[in-house]
1. Out of the residues in region 1-31 meeting the condition of being among the small types (Gly, Ala, Ser) and part of a helix (DSSP H, G or I), tell me which one is nearest to Ser49 (Cα to Cα).
2. Return yes or no: is Ser72 modelled with pLDDT under 90, surrounded by 11 or more Cβ atoms within 10 Å (Cβ to Cβ) and touching a Lys or Arg at 6+ places or on another chain (Cβ under 8 Å)?
3. Mind listing whichever residues of region 1-12 are free of Cβ contacts under 8 Å to residues at least 40 places away in the same chain and under 16 Å from Asp33 (Cα atoms)?
4. Quick test for you: out of Leu34, Leu15, Leu28, pick the one residue that is at negative phi and surrounded by 15 or more Cβ atoms within 10 Å (Cβ to Cβ).
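The values are calculated or read from the model by the stated rules, or taken from the named source; none is laboratory data. Everything numeric in this text was worked out from a predicted model, so none of it was measured. Please note: Cβ atoms are built from the backbone with ideal geometry, for glycine as well, and neighbour counts cover all protein chains shown.
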Amino acid sequence: MPSCERFKEAVLACLSESDCVVKRGLSLNECLDLKHKDVTQECRLAQRSFFECQLSMLNPRRRLRGPYGGVSTEKEKDDQ
């Protein structure tokens with residue numbers, strides 16, 4: 001089963017270098033809150049990717065069939 005570990009590591013690495021942690025001295029957990037405006041857009045996108053990955057792990061349709069709107073092959077069309 002796929003893992004979201006790489007997304008988690010990307011969020012942690014990005015946040016640990018952000019002004020929220022470095023300059024303000026807040027914890028990583030505190031900087032995850034959207035009210036802190038000194039976290040870069042790149043970190044927010046990494047955070048969103050991690051959230052989407054976790055969400056897809058819980059969605060049974062996505063786990064079994066792949067992402068919504070995925071390109072189907074001719075064989076899959078014939079099977080239906």
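1. Ala10
2. no
3. Val11, Leu12
4. One residue alone meets the criteria, Leu15.
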